[in-house]
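Below is one structure, written out as structure tokens; comments come after it.
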Amino acid sequence: MIADQSMTKPAAADGAETIETDVAIVGAGLTGSLAAAVLVRAGYRVLLIDKRTVPPHEFRVEKIAGPQVDILRKLGFLGDIEAAASTFDRVLNIREGKVVDVSLRRAYGIRYSDLVATARRLLPDSSSSMSDEVTGIDCSEDLQHLQLASGKRVISRLVVLATGMAGVLGYNLGMNRRVLAARHSISFGFTIAAPEDAPFDFESLTCYGERTVDGVDYLTLFPIRDGMRANLFLFRDPNDPIMRELRRNTKATLFRLMPGLQRYVGDFRVIDQVQNWVMDLSVIEGHVQPGVVVIGDAFQTNCPAAGTGVSRLLVDVERLCTEYIPQWLETDGMGIEKISQFYSDRDKIAADQRSLQVAHFRQALASSTDLRWNMQRRLHFLRRSITHRVDRIRPGWVARVRGALG
């Protein structure tokens, strides 16, 4: 591992400790930690650098489902996530007080800090990570030099920026973030409990907004280790007074926005702080440079309501760490011709594009008053309702038809 005596040496000029590694990953959130785990498991020298030793209690990713589960299984990490999360298989989907349909699939509820802590524990020992702050990066087609706040230095063949939306290092390298949609969506997160801590009558529930004027996409309820977690997604002005109402009088405001919700959740209470997050849709530019690659939210942000953020970052990790980095390290140099291969990857491009497409679709479906979207909205939920009714009468028939058509 990189931290032993054969991998570290003092710099001749000023005595500062210099660490040599194959890949230096800056940012130990979910993206960076998973990338480090994949590469370490493959036998590469990796140094994961983050100024925080303990993952922050941020309101970020809290649910793993759908294709995200498949990629985590492919990477070999699903068992670790499952051990730290609450599992559920059945989601009751409602709108206007009526059942739209029922989703049957394995999913996982887990707080973001626990998710990141689980990812960090995938590293076999402490020699692959360090608590420090990167203050500067000098990149070239050969070796990359990182300066740390502690005075230490890192020499790496490749630098991976997994810094999320903190773009100082990228900016210093000449990268810029272009905003595609400012204040695109708003998310709220909080935990609820039923009276006397009784169990709810559902494993998981999703309640969709009823009126376009409210700008509510949906409220999703799902289990985590310490209760029933609630994530609410809206498309409204962050300065709207209703944002304050949702923080101060959460239950009454939810029942006003979604009257059909009360019969399913009853007289619940909020048992922790109501957090909220305003998200811009943005993408990095000027990122094709020798010796450095940008992944996850550091490359492109996502609309939380779309549910594609984790899928995007997992595609980045899988493609970069299982396909490209192993190839790049086989030969000398780390020029633009190598780095460009990752950004041109078809799976990555498809995941990035789909994330933006779903973000705009969710916004229009929830809040657009255009005649075309009014019709689209009705057809969307009508289709789901009819499919659900058919499947109740003839279980499995819809899936067989879709399989035959696909």
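Just give me the residues in segment 144-181 being under 20 Å from the mean Cα position of the chain (by Cα) and hydrophobic (A, V, I, L, M, F, W, C), in sequence order. Across segment 144-181, the qualifying residues are V160, L161, A162, M165, A166, V179, L180, A181. Within segment 74-91, being more than 15 Å from F222 (Cβ to Cβ) and either open to solvent by 30 Å² or more (accessible area, probe 1.4 Å) or of a type outside the set (A, V, I, L, M, F, W, C) (or both) holds for K74, G76, G79, D80, A83.
None of E323, E318, E330 is part of a loop (DSSP other than H, G, I, E, B) and farther than 23 Å from R111 by Cβ except E330. Of the residues making up segment 125-160, those that are free of Cβ contacts under 8 Å to residues at least 60 places away in the same chain and either part of a strand (DSSP E or B) or among the aliphatic types (A, V, I, L, M) (or both) are T135, G136, D138, H145, Q147.
Under the condition of being open to solvent by 10 Å² or more (accessible area, probe 1.4 Å) and touching a residue at least 40 places away in the same chain (Cβ under 8 Å), which residue from segment 318-331 is nearest to the chain's Cα centre (by Cα)?
So the residue we want is E318.
Yes/no matrix, rows are residues, columns are (1) under 23 Å from the mean Cα position of the chain (by Cα); (2) modelled with pLDDT under 95:
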| position | (1), (2) |
| --- | --- |
| T191 | yes, no |
| S204 | yes, no |
| Y208 | yes, no |
| I242 | no, yes |
| K251 | no, no |
| L254 | no, no |
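Could you tell me which residue of segment 42-73 is surrounded by the fewest Cβ atoms within 10 Å (Cβ to Cβ), considering only residues that are part of a helix (DSSP H, G or I) and in contact (Cβ under 8 Å) with a residue 40 or more places away in the chain?
P67
Among residues of segment 74-102 that are under 27 Å from V315 (Cβ atoms), none has a beta-carbon under 6 Å from a residue that is basic (K, R) and open to solvent by less than 60 Å² (accessible area, probe 1.4 Å) at least six positions away or on a different chain.
The values are calculated or read from the model by the stated rules, or taken from the named source; none is laboratory data. Because the structure is predicted, anything quoted here is derived from the model rather than measured. A quick note on method: Cβ atoms are made from the backbone with ideal geometry, for glycine too, and the neighbour counts reach across all protein chains shown. The area values use the complete protein model at the heavy-atom level, side chains included, leaving out ligands, DNA and RNA. Shrake-Rupley method; radii C 1.70, N 1.55, O 1.52, S 1.80 Å.
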